[in-house]
Amino acid sequence: MSAAGYLETSDGAKIYYEDHGEGQPILLVHGWLCSSRFWKRNLSELAHAFRVVTLDLRGHGNSSKTLEGHTIRQYARDVRQVIEHLELQDVVLVGWSLGGSVVLSYNKQYGRESRLKALGLIDSSPFPFSPADWNSHVLKGYGYERMHASFAACTADHRKFAVDFTTRMFKQEPSDEDRGWVVAEMMKTPPWIAEAIYSDFLMSDLASTLPSVRVPFIVFAADSGVFPTGIAMGKALADQAPRGTCIPFEDAGHILFYEQPQKFKLALSSFIKAL
């Protein structure tokens, strides 16, 4: 089974989603400025054994560029509406980067009614402004001035900002082909949306919810230009959840599932089959 479509949310946003394969459902939530296309090296392999659902968060990719709703909390509500629309149960919900905060917000909001079987984070800081030792985000410790400078750069030259961010995501220098399609996807998110959701991401403390995560919890982590000590951060986050485990990717960067798709597939598959 393979399908694509749009869901209209209760507040009128149009959310693009794709639905591949059959069996145990996995829902993958992308990161900031990204889209469902970032999972293109993972879908076919995972869909041999699982039902894999991806979506474009509002304001990103093929979803509508709404004026409202650009908060982590609302993005999690959009995920809920996709889950209900597709009638998914016992979902393995996995979020990459900013998407990690989205899935933790989802778990916090819906609790025992979450329809979740397990949770996963991929290279994510669930409270980027946190001054805590575990945090590897460049804006650690309430870096407001650097936040403002970053937003000014994004507004002044959106393409250059996307190119620079793309370079930091990869462990090695990306190929011209990879840089081209990644930047093109990032350019689909207007700067005003990028800054609105990232501001909320920075200030949302979802790390504090980790001790209350009741389902099995997996963290995939790497060191890169985005998170220089990402592996140490991933291990620290996994340790905060009662049923947490961390899988380090020494041979990949922030976009670890794209750079090492086979390792990611095997690790995620093993985790799910052991549930």
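The values are calculated or read from the model by the stated rules, or taken from the named source; none is laboratory data. Please read these numbers as outputs of a predicted model, since none were measured by experiment. As a convention, Cβ positions derive from the backbone with ideal geometry for all residues, glycine included, and neighbour counts pool all protein chains shown.
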For residues that are more than 13 Å from Tyr17 (Cα to Cα) and β-branched (Val, Ile, Thr), tally how many sit in region 31-55. 0
Would you mention how many residues in region 36-69 are in contact with an Asp or Glu (Cβ under 7 Å, 6 or more places away or on another chain), over 25 Å from Asp90 (Cβ atoms) and buried (at least 24 other Cβ atoms within 10 Å of the Cβ)? 2
Could you say which residue among Ala132, Ala149 is in contact (Cβ under 8 Å) with a residue 24 or more places away in the chain, more than 18 Å from the chain's Cα centre (by Cα), farther than 20 Å from Gln260 by Cβ and surrounded by fewer than 16 Cβ atoms within 10 Å (Cβ to Cβ)? Ala132
Right, Ala194: farther than 24 Å from Leu268 by Cα and surrounded by 16 or more Cβ atoms within 10 Å (Cβ to Cβ) or not? yes
Answer yes or no: is there a residue in region 50-57 that is in contact with a strand residue (DSSP E or B) (Cβ under 8 Å, 6 or more places away or on another chain), outside any helix (DSSP H, G or I) and closer than 17 Å to Glu259 by Cβ. no
Considering only residues that are in contact with a helix residue (DSSP H, G or I) (Cβ under 6 Å, 6 or more places away or on another chain), assigned to a loop (DSSP other than H, G, I, E, B) and of a type in the set (Val, Ile, Thr), which ones fall in region 228-275? Ile255
Only one residue in Ala132, Ala162, Ala156, Ala152 is within 24 Å of Phe38 (Cα to Cα) and of a type in the set (Gly, Ala, Ser). Which one? Ala162
Members of region 5-29 that are among the small types (Gly, Ala, Ser) and surrounded by fewer than 19 Cβ atoms within 10 Å (Cβ to Cβ): Gly5, Ser10, Gly12, Gly23
Could you please give the count of residues in region 89-113 that are crowded, with 19+ Cβ neighbours inside 10 Å and either of a type in the set (Gly, Ala, Ser) or outside any helix (DSSP H, G or I) (or both)? 11
Residues of region 115-129 being among the small types (Gly, Ala, Ser) and either modelled with pLDDT under 95 or not in a loop (DSSP other than H, G, I, E, B) (or both), in sequence order, are Ala118, Gly120
Which residues, taken from region 78-102, are under 19 Å from Phe257 (Cα atoms) and over 8 Å from the mean Cα position of the chain (by Cα)? Val92, Leu93
Evaluation of Thr155 against (1) touching a residue at least 40 places away in the same chain (Cβ under 8 Å); (2) buried (at least 21 other Cβ atoms within 10 Å of the Cβ); (3) out of contact with any Gly (no Cβ under 7 Å at 6 or more places or on another chain) (one fails), failing number: (2)
So which residues in region 188-227 are assigned to a loop (DSSP other than H, G, I, E, B), among the small types (Gly, Ala, Ser) and over 22 Å from Leu57 (Cα atoms), if there are any at all? Ala222, Ser224, Gly225
For region 73-105, name all the residues that are touching a His at 6+ places or on another chain (Cβ under 9 Å) and among the hydrophobic types (A, V, I, L, M, F, W, C). Trp96, Leu98
